[in-house]
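S.K.: Got a structure for you, questions after.
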Amino acid sequence: MKVISFISPCYNEEKVIDEYWSRVSKVADLYPQYCFEFVVVNDGSQDKSPMILDEIARRDKRLKVVHLAANVGHQIALFAGIEAARGDINITIDIDLQDPPELLEQFLLKINEGYQVVHGQRTSRDGETVFKLMTAKAYYRILSITSSTSLVRDCADFRAFTKEVREVIIRYQEKHKYLRGIFAIIGFEQTVIQYERQSRYAGETKYSL
Ligand code: UDP
Ligand code: MG
């Protein structure tokens, strides 16, 4: 049976973990033909996230919790999750439910068509401030001016990729990891699906100015 891994970084998300678990479990129930694994990387949380995650993992062996000793940031946490994942198909997805896990259906359609990387591309960003929208726009603009590598626009780290891609990704040992940049240069057949980014289920963004 093929394995699908969901990989989610988690930093002080005690208010969203139960809802995340309920949503991803419902999605998993729709696909009895696959085995599911959920890798949640606790990125040095100081709230009750580690306890909540361990409690779910005791009840359900599909959840694998990776506890990092300190807060190292979203990208490195995500990378640790990719290293720990064993899926034939791997999906990186934030735990706050801004990226709907139900999009698995569309990711699978593209993977089954033969694509090896499928990026989720936001068509809207519900609940984000004008400041965030403007800085995000400026960010892509500056990057396109200063770099010859072109990134897929408006794709954060919600994407599906095969195990062959994972093997290439984990060989990148840069200290300052930037997954979007890595995905832009690894080759492979890549495509995009579009989706509306939701508001956070609860809690606040972990990114300061
Ligand atoms: N996150 C993390 N470590 C950090 C900051 C964030 O693991 O130091 C996680 C966070 O729990 C969430 C994801 O990374 O699952 C994205 O963070 P956030 O929602 O705060 O970012 P935004 O969506 O506002 O850009
Ligand atoms: Mg978020």
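The values are calculated or read from the model by the stated rules, or taken from the named source; none is laboratory data. Keep in mind that what you see is a predicted model, and the values were worked out from it rather than measured. Cβ: placed from backbone, ideal geometry, glycine included. Neighbour counts: every protein chain shown.
S.K.: Working only within segment 1-23, note down all residues that are out of contact with any Cys (no Cβ under 6 Å at 6 or more places or on another chain) and either more than 16 Å from ligand 2 (Cβ to nearest atom) or in a loop (DSSP other than H, G, I, E, B) (or both). Working first, answer last.
M.R.: Taking segment 1-23 and keeping what is out of contact with any Cys (no Cβ under 6 Å at 6 or more places or on another chain), we get 2, 4-23.
Residues satisfying the conditions are LYS2, ILE4, SER5, TYR11, ASN12, GLU13, GLU14, LYS15, VAL16, ASP18, TRP21, SER22.
S.K.: For the condition surrounded by 13 or more Cβ atoms within 10 Å (Cβ to Cβ) and more than 14 Å from ligand 2 (Cβ to nearest atom), what is the one hit in ARG171, ARG141, ARG166?
M.R.: Numbers: ARG171 fails: surrounded by 13 or more Cβ atoms within 10 Å (Cβ to Cβ); ARG141 fails: surrounded by 13 or more Cβ atoms within 10 Å (Cβ to Cβ).
Only one candidate qualifies: ARG166.
S.K.: Something else about it: Applying the selection to segment 178-209, what residues are among the basic types (Lys, Arg) and either loosely packed, with under 12 Cβ neighbours inside 10 Å or within 14 Å of ligand 2 (Cβ to nearest atom) (or both)? Before you say what the answer is, go through the steps one by one.
M.R.: Going through segment 178-209, the residues among the basic types (Lys, Arg) turn out to be 180, 197, 200, 206.
Hits for segment 178-209 are ARG197, ARG200, LYS206.
S.K.: Are there any pairs, at least 6 apart or on different chains, whose C-beta atoms fall under 8 Å, with the first in segment 93-105 and more than 15 Å from VAL118 (Cα to Cα) and the second aliphatic (A, V, I, L, M) and at pLDDT 95 or above, and if so, which?
M.R.: Filtered contacts from segment 93-105: ILE95/VAL16; ILE95/ILE17; ILE95/VAL40; ASP96/VAL16; LEU97/VAL16.
S.K.: How about segment 76-107: which of its residues are among the aromatic types (Phe, Trp, Tyr) and within 16 Å of ligand 1 (Cβ to nearest atom)? Walk me through it before giving the result.
M.R.: Filtering segment 76-107 for residues among the aromatic types (Phe, Trp, Tyr) gives 79, 107.
Within segment 76-107, PHE79 is the sole residue that qualifies.
S.K.: Here are PHE36, PHE79: which of them is more than 20 Å from VAL168 (Cβ to Cβ) and either in contact with a Phe, Trp or Tyr (Cβ under 9 Å, 6 or more places away or on another chain) or modelled with pLDDT of 95 or more (or both)? Can you show your working first?
M.R.: Values: PHE79 fails: more than 20 Å from VAL168 (Cβ to Cβ).
Answer to the selection: PHE36.
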